[in-house]
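Reading through the structure tokens given below for one structure.
The values are calculated or read from the model by the stated rules, or taken from the named source; none is laboratory data. Since this is a predicted model, take the numbers as computed values, not measurements. Glycine gets a Cβ as well: all are built from the backbone with ideal geometry, and neighbour counts include every protein chain shown.
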Amino acid sequence: MRMKNLHHYTEHHRYCVYREFGLSALDDRMLTGAYQPMVGAFAVGLYRLLFQHLPGEQVGYSPLEQQRRLFMTLGLEPSEKGRKYLVEQASKLEAVGLLQTSRLYIPENDDYIYEYELQPPLSPAEFFRTQHLTLLLRDKIGKFAVLSLRSGFSAVENGDAPYPAANKENISVPFYDIFELNTHVIDYELEQALSEVSTTAQRTGTNDAAEENSLNYADIILRFPRESVNRRHVEQLRFDHEQLGIVNYVVNKFNLSVQDVCRLLDEDDIFSPQGQLILDDLQHKASMQFRQTKKRHEQQTVQAAKVVALRQHMEEPERKEDSGEPPVEHGVQMEYYVEVPPQFMTKCDIHQYNMMLRNEPYTRLLQTFFPGAVPDNLIDIFEKIDLSYKLPGEVINVLIHYLMALLVSGGEQRINRNFVEAIASNMLLKQVNSYEKAVQYIRDQAKVKGKQAAGAAGTRTRTYGKGTKAKPEIPIVQDISTDGDAVSEEEFEEMMRFAQQMQASKQKGTS
């Protein structure tokens, strides 16, 4: 139990006990023979006291009470010494897996409520398969006592029956061979009542979504290479829930799989020499893995879409011949007409150009802008926007018109991948999914650029008054040539006397 301030853990605080099991005779023997030597008789007595807060035939929550009952029943003084001792005994039970303590903050009362969740003792087979518990018990009672205790939990096999040598055959009868359920009628009232009564559903319902995306120690260690240098550090995650929580945080942040996590934990410099995870390095490598996976997924999506488009292109003539109907053309309202670029002035009018933008695919539109072959980089850029970003064809055409207009206007902006993808992502954020919205978007962008240009020009030609220039003219000192005008001896002596007088007057003033 991590308790930094004992004022937050007093006899006045309320508590409750939760359990979902009952104790059998075997469990009692495990508590006495295996757990008590490790944690002590007082800790086992605290465990039994918490267990008795609920009747033996019931499970769930006990009523809320003040912790004064624990102190009085255990014979502890409600002082700092007694609180420390109770915290120490509860911590021992938590360390061996018999208890989980939670603290709930109540804002209305500005106080805490403590919940003691009891866990059942492990069965003999599970206990002796758990390495750290077996080693702790060995340190407490010795190796031979552990072996004797383990043999005492198992009944000796009958020597007359050759159990190991027998060929075992499962002849059990399954459930549906005996019983038949009426599955045609669904009783919603019964299901709702059972879900409301179930205390387990109430406790785990809020954590199901979080646990679905989280990895446990078994998922990682089963796939982690045995020859890895970091194997010993990964094995420590079994007992270090904080480090395992860091791993799950990175998993959820970058949507990693178990194989990705094992690959990252096998990298160099992921663990410190003390075995602690270095979060910054782990996040950096996980981010690189996330980007590579995303890029690979985009490439697979593009290739798959190419195959589908090629197949549809091959099937289109057959469909057209079967239907005998011309393709449907969508009209454009005149309020959403865009201007015809200069290179199309002699080829088509404004009506034909806008109909082409509205109905032609972007591949054919690009061919009309280039007299020869379309550059491959442009095809790759708009192919990614089409297949990965899922922008409609008419929106891509308006985007191409906008980019070509920027080039023709004499701007220095180059059409590169980052610039085009920035505009496309902005369109996606603003949900530009039709021809009309795309035209309105480029008009708004033109207005913004016009205001920025006007503002920049205004700052350069700002005036300080009517009819005045931006800055007053400052006369510039010009070099005056003194060649041929030599100073005479009388003028030089007079200058020296004047300098001495100035120096003497300055000294008098300072004194």
Review point. Out of the residues in segment 269-303 that are of a type in the set (Gly, Ala, Ser) and under 30 Å from residue 385 (Cα atoms), which is surrounded by the most Cβ atoms within 10 Å (Cβ to Cβ)?
Key: 286
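Where in segment 38-126 are there helices (runs of 4 or more DSSP H), lying fully within it, with 3 or more residues that are surrounded by 17 or more Cβ atoms within 10 Å (Cβ to Cβ)?
Numbers: elements: 41-51, 68-74, 80-95.
In segment 38-126, the matching helices (runs of 4 or more DSSP H) lie at 41-51, 80-95.
So, residue 18, is that one among the hydroxyl-bearing types (Ser, Thr, Tyr), crowded, with 18+ Cβ neighbours inside 10 Å and either outside the structural domain of residue 96 (by TED's automatic domain parsing) or closer than 23 Å to residue 102 by Cβ (or both) or not? Reasoning before the result, please.
Details: among the hydroxyl-bearing types (Ser, Thr, Tyr): yes; crowded, with 18+ Cβ neighbours inside 10 Å: yes; either outside the structural domain of residue 96 (by TED's automatic domain parsing) or closer than 23 Å to residue 102 by Cβ (or both): yes.
Spelling it out, residue 18 is indeed among the hydroxyl-bearing types (Ser, Thr, Tyr), crowded, with 18+ Cβ neighbours inside 10 Å and either outside the structural domain of residue 96 (by TED's automatic domain parsing) or closer than 23 Å to residue 102 by Cβ (or both).
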Exercise for review: Considering (1) modelled with pLDDT of 90 or more; (2) over 23 Å from residue 153 (Cβ atoms), say which one residue 12 fails and leave the rest.
Suggested key: (1)
Check your understanding: Applying the selection to segment 281-295, what residues are charged (D, E, K, R), more than 14 Å from the chain's Cα centre (by Cα) and modelled with pLDDT under 85?
Key -> 294, 295
Practice item. Could you grab the pairs with beta carbons closer than 9 Å, sequence gap of 6+ or different chains, first residue in segment 84-109 and within 15 Å of residue 120 (Cβ to Cβ), second one β-branched (Val, Ile, Thr) and in a loop (DSSP other than H, G, I, E, B)? Key: 97/130
Study note, to complete from the structure: From the option list 359, 397, single residue qualifying as assigned by TED's automatic domain parsing to the domain that holds residue 437 and in contact with a Leu (Cβ under 7 Å, 6 or more places away or on another chain) is 397
**Study point:** Selection count where residues are surrounded by fewer than 13 Cβ atoms within 10 Å (Cβ to Cβ) and either of a type outside the set (S, T, N, Q) or in a strand (DSSP E or B) (or both), scope segment 21-37
**Key:** 4
Point to revise | Scope segment 62-77; condition of a type in the set (Gly, Ala, Ser) and in contact with a strand residue (DSSP E or B) (Cβ under 7 Å, 6 or more places away or on another chain); matching residues | key: 62
Check your understanding: Restricting the first residue to segment 201-228 and requiring it to be farther than 13 Å from residue 247 by Cα, which pairs with a second residue that is modelled with pLDDT of 80 or more and surrounded by 11 or more Cβ atoms within 10 Å (Cβ to Cβ) meet a Cβ separation below 6 Å and a spacing of at least six or different chains?
Key -> 223/258; 223/262; 224/234; 224/262; 228/266
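Is it fair to say residue 190 is surrounded by fewer than 11 Cβ atoms within 10 Å (Cβ to Cβ) and either touching a Leu at 6+ places or on another chain (Cβ under 8 Å) or modelled with pLDDT of 80 or more (or both)?
In short, no.
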